[in-house]
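Beneath this line is the structure, given in structure tokens, with notes to follow.
All of the numbers you see were taken from the coordinates with simple rules; none came from a lab. Please read these numbers as outputs of a predicted model, since none were measured by experiment. Quick reminder, even Gly has a Cβ in these numbers, built from the backbone with ideal geometry, and neighbours come from all protein chains shown.
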Amino acid sequence: MIRLDAISCQHGRQILFVEATAVIHRGEKVGLVGPNGAGKSTLFRLVTGEETPDEGQVSIDRGVTIGHFSQDAGEAGGRSALAETMDGAGPVAAVAAELGALERALADPERAGELEALVDRFGHVQARFDELGGYALEARAREILAGLGFTPEMVEGDVAALSGGWRMRVALARILLMRPDVMLLDEPSNHLDLESIIWLEQFLRSYPGAILMTSHDREFMNRVVTKIVEIDGGELTTYSGDYDLYERERAVADAHQQASFDRQQAMLRKELAFIERFKARASHAAQVQSRVKKLDKIEKVEPPRVRRTVDFEFSPPPRSGEDVVRLAGVSKGWGARRVHDRIDLLVRRGERWAVMGANGAGKSTLLKLVAGDARPDEGAVVVGGSVKLGYFAQHAMELLRPDRTVWETVQDAFPRASIGALRSLCGCFGFSGDEIEKRCRVLSGGERARLILATLLYDPPNLLVLDEPTNHLDVGTKEMLVRALARFEGTMIFVSHDRRFLGALSNRVLELGPDGPVAYGGGYLEYVARTGREAPGLRSVAIR
């Protein structure tokens with residue numbers, strides 16, 4: 001269906017692909033993985049034809065339609081979310097637009113003289129619209145938008161009034177409604193809540209077309225893809241199976257390559273030692289020449305590429321009292337909307353509360369109340385003795401000073417820390433070499449999140465309040481953060497849509513629902529087992 005045949009591609013001095021080859025067959029679900037900057041976005045552009053390789057060929061079967069969802073979807077406005085979604089439905093959208101224009105023309109008294117021609121054309125267009133499934137189009141568009149979390153009011157509302165994250169959902173809905181033969185999906189779960197992610201998983205698993213996608217959500221990849229294509233060092237390597245199987249197979253392949261490299265290095269040392277020892281002896285000249293020629297012909301085994309993962313080690317936080325936070329009869333509203341009504345909650349030392357709830361349930365509001373970023377309308381939020389609080393909020397990334405570099409930002413935060421300690425901190429959170437000289441204004445969303453987390457965790461509080469800390473983080477940084485927080489000795493209250501993060505770190509769950517909060521003993525995995533659902537907005541889900 002799609003074949004990348006010995007492609008080579010270079011951007012400036014950066015070599016992205018060197019005679020790389022991969023094939024995507026009809027109906028395959030493929031995950032595209034590789035370090036940042038390896039060329040994942042470039043590969044998408046090669047498939048769509050926006051770029052051409054310097055060498056090699058990209059072949060696509062005749063008649064194959066391609067839909068591309070990227071993170072730089074353009075601005076939209078002036079139409080409803082429903083109209084914007086339906087406009088992306090491919091040929092049927094153009095037919096629908098003509099049908100609408102004909103309906104308006106038929107109702108226009110000034111065009112009465114064209115009535116016979118208009119009626120004739122309307123019949124032909126209507127038949128084509130029916131043939132393309134157009135009368136089911138609106139229902140499908142509404143179903144997709146609902147699956148992605150849109151309320152009926154948002155479906156009919158102007159796209160221009162939506163935040164950037166919700167406009168990205170509209171762009172994703174357009175591709176899903178289009179139903180192309182191949183979907184290219186760049187981080188499709190980035191702006192989705194847990195309910196929408198689970199809905200999207202089910203949609204993509206049952207989708208008959210082929211999918212090539214990137215994602216920083218490990219569990220999402222595991223449930224959708226059946227093949228992995230890895231970009232690394234200019235090569236494309238294909239693995240059968242999901243992301244977990246890919247990691248295991250890659251580790252085995254690396255171990256075999258390291259063993260082969262070590263064996264060859266031992267043999268080379270032995271041969272070189274013989275040559276060095278006997279090169280001056282005439283009696284061994286033939287043997288020495290034979291071994292020199294042998295070494296010249298040997299194909300050198302390369303060591304496996306180093307995939308750096310640096311773990312972050314917490315300093316021990318100060319010990320807090322047993323009662324860390326108490327909410328007593330707390331109510332809170334925004335405008336006329338009452339979000340929380342007389343909540344009572346006690347958080348004790350060492351507990352790790354995952355706060356869950358459907359869109360609009362008030363998860364972020366609850367965290368703001370705990371962190372002191374918002375005040376209750378009624379009741380009290382009491383922070384216990386010796387509590388040192390650290391708060392990661394989405395808006396915190398906007399507070400970074402744009403003209404300061406990464407290095408200046410961490411130095412400003414910890415002026416007494418040693419240069420070595422701060423360099424180690426930067427390295428743990430993915431800033432190495434010249435990257436520490438980047439100014440905050442040019443950092444990506446993921447880089448800003450990493451920088452905020454670094455400054456939050458270096459001098460650790462004993463109470464961490466985290467609102468979606470894994471948004472924009474790549475898989476490697478997420479894994480590092482999970483390992484680090486698993487060793488954290490303090491108390492945590494957090495919101496996350498990442499199921500690995502939820503399952504690995506929670507030991508309590510607070511579900512916010514229309515009937516008030518419900519507390520569950522045990523962590524997220526116990527919550528799923530007890531309720532039969534992975535998120536509060538779902539009835540039940542079959543867990544793979």
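Want the number for Gln287 to Ala107: 0.36 nm per residue separation, take away the alpha-carbon distance, what's left?
Here the answer is 54.9 nm.
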Estimated distance in nm for a label pair at Arg423 and Thr226, the labels positioned 7 Å out from Cα along Cα-to-Cβ: 5.0
CD proxy at 222 nm, helix term only [per DSSP H run n ≥ 4: -39500 (n - 2.57); per residue of the chain; nearest 500]: -12000 deg cm²/dmol
field: Charge context of Gly362, other residues only, Cβ under 14 angstrom, K/R +1, D/E -1
entry: -1
query: Among the GluC sites (Glu not before Pro) within region 307-374, which fall in a DSSP loop and have no more than 13 other Cβ atoms within 10 Å of their own Cβ?
result: Glu313, Glu322
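Can you tell me the alpha carbon radius of gyration of region 399-448 divided by the globular rule-of-thumb value 2.2 N^0.38 Å?
Cα-based Rg divided by the globular estimate yields 1.05.
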field: Calculated Cα extents along the principal axes in Å (choose from (1) 77, 52, 45; (2) 109, 75, 48; (3) 105, 61, 44), label
entry: (2)
query: Taking K and R as +1 and D and E as -1, what net charge do the other residues with C-beta under 10 Å from the C-beta of Glu489 add up to?
result: +3
task: Just the number, please: percent antiparallel of the DSSP beta bridges in region 326-469, rounded to the nearest 5.
output: 75
statement: Straight-line reach check, Lys438, cutoff 20 Å on alpha carbons, 8 or more apart in-chain or any other chain, hits among aspartates and glutamates -> Glu398, Asp403, Glu408, Asp412, Glu447, Asp474
task: Give me the aspartates and glutamates in straight-line cross-link reach of Lys297: C-alpha distance below 18 Å, same-chain residues under 8 apart excluded.
output: Glu271
Local electrostatic count, Ile60, Cβ distance below 11 Å [Lys/Arg +1, Asp/Glu -1]: 0
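Within 10 Å of each residue's Cβ, count the other Cβ atoms and sort Arg404, Arg450 from fewest upward.
Ascending number of Cβ neighbours within 10 Å: Arg404, Arg450.
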field: Cross-link reach list, lysines versus Lys227, counting only Cα pairs under 17 Å and skipping chain neighbours closer than eight places
entry: Lys29, Lys40
query: Label Leu245 and Ile15 with points 7 Å out from Cα along Cα→Cβ: what is the distance between them in nm?
result: 3.3
field: Where a label projected 7 Å from the Cα of Asp344 along Cα→Cβ would reach, residues of region 500-523 with amide N under 16 Å
entry: 516-520
field: Dipole of region 123-250, positive direction: furthest Cα of Thr151, His124, Gly234, with charges on the beta-carbon
entry: His124
